[in-house]
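Enquirer: Here's a structure for you.
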Amino acid sequence: MNERGASGGSALIEGLIITVFQDDGPFNIHNSSPLSEDEAFNMAIKTLTAIGSDIPLNHGEIRSYGPMPTPRQPYLTIGFIFALKAQSTSDTRIARFGRIVVFWIITRSTALMKYIGLIKRMMRRTLQMYHIKTDADLEKGDIPQKISEKIQIIETGIETFYITENNEMEPFLDLALIPSNSPLMLVDNPKNQIKVLLRKKPSPSKKLELLQVVNDYKRRIHKGVIYKSEIIDDSIIIQHLLAKFGLELQPEIGFHYRIHLTDQLTFEELDSFFDFHITTKRHQLITQILQSIEEEFPLNLYELSTQIGISVELIEEFLVSAIRSGLIQNSRIENGFLISQKENGT
């Protein structure tokens, strides 16, 4: 396993083991870790016995456990458990609640724990991106290997942010979920470098504001550590850097697939979709959007903006993205309202 990231940081993820609960018990369908097949199987059995497998899981839910030891030192594992619809089963419980799947992420560092939330979102989006809705989908072609490669982009010391209209820094890991023209800020801690990527030419005053954001961030860094900062507006260099950090937007990503795994939109799925954008009052925003969709009444975005303190433009951008992606269906934005297309027969 390659232990160096593209930017020189140490890779936190050493490999992936995928365990599926077949009708007759757990079985590993993929192992790209340093553990042998016997070690991987024994680890899965012992660890599942320790944490218990009598879930059941809610639709779209991913639970994490760990870090836990593996049969081979110094490797640890963090287990991510979720359920997929069983395409064929004679087990009534599996038919009702879904087939349990476990992604065992193998690591040598407990530092991976601070990325648990990001990993869950990466897993959810990767499953969605490859249209994995049943247990059979998971075993098609080279899907397990693609998933393994997708989750191994996290590196020690690499931090990625986008800068909001209010000059606030928000973490991100997926370009498809942030405004298309937002400046990006890549912090390479191993190299003590900060790169601000300008995907849209800013005004002179905006550029000064961005420099202030960078300087404010640098002041929060431990004393004695000097970071070199650079603002980049060359589109070719930007694309190169995004690819280097594993952040390039592939054609298959973005808003060309259904975001959610179940037929009914849930609070958790909408919350996860908006998670990179909003850090406050998100609960109120999502609750009102869901209520409007479920009860099929027009949602006045101007009133919503006043109530929760988020601009109409930003709310509309979120909703348009969710509608284009297929997360929100049978709805449209019209004259400042979120309108159900069912209500007028369209």
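Every read-out reported here was derived from the displayed coordinates using simple, explicitly stated rules and does not represent laboratory data. Note that the structure is predicted; figures quoted are calculated from it, not measured. All Cβ positions, even for glycine, are placed from backbone atoms using ideal geometry, and neighbour counts span all protein chains on display.
Enquirer: How far is it, in nm, from the label point at LYS140 to the one at ASN166 when both lie 7 Å from their Cα along the line to the Cβ?
Expert: Distance between the two pseudo-spin positions: 4.2 nm.
Enquirer: Further, regarding this structure: For segment 71-124, what value does the Rg/Rh ratio take when both radii are computed over Cα atoms and Rh is the Kirkwood radius, given to two decimals?
Expert: Working: Rg = 14.6 Å, Rh = 13.1 Å.
The Rg/Rh ratio comes out at 1.12.
Enquirer: So, in nm, how far is label GLN22 from label GLN73 when the simple model puts each one 7 Å beyond its Cα toward the Cβ?
Expert: Spacing of the two 7 Å Cα→Cβ label points: 3.4 nm.
Enquirer: Mind pulling the per residue volume of the convex hull built on the Cα atoms of segment 158-244? Å³ is fine.
Expert: With only Cα atoms used, segment 158-244 gives 97 Å³ per residue.
Enquirer: Could you give the nm distance between label points at LEU314 and GLU294, where each point is 7 Å from its Cα heading toward the beta carbon?
Expert: Roughly 2.6 nm, to one decimal.
Enquirer: Post the alpha-carbon centroid distance, segment 85-120 to segment 177-205, in whole angstrom.
Expert: About 34 Å separates the Cα centre of segment 85-120 from the one of segment 177-205.
Enquirer: Continuing with this model, one more query. On a 27 Å Cα-Cα criterion, which of the cross-link pairs LYS146/LYS218; LYS46/LYS85; LYS120/LYS201; LYS146/LYS200; LYS120/LYS206; LYS200/LYS228 come out too long?
Expert: LYS146/LYS218; LYS120/LYS201; LYS146/LYS200; LYS120/LYS206
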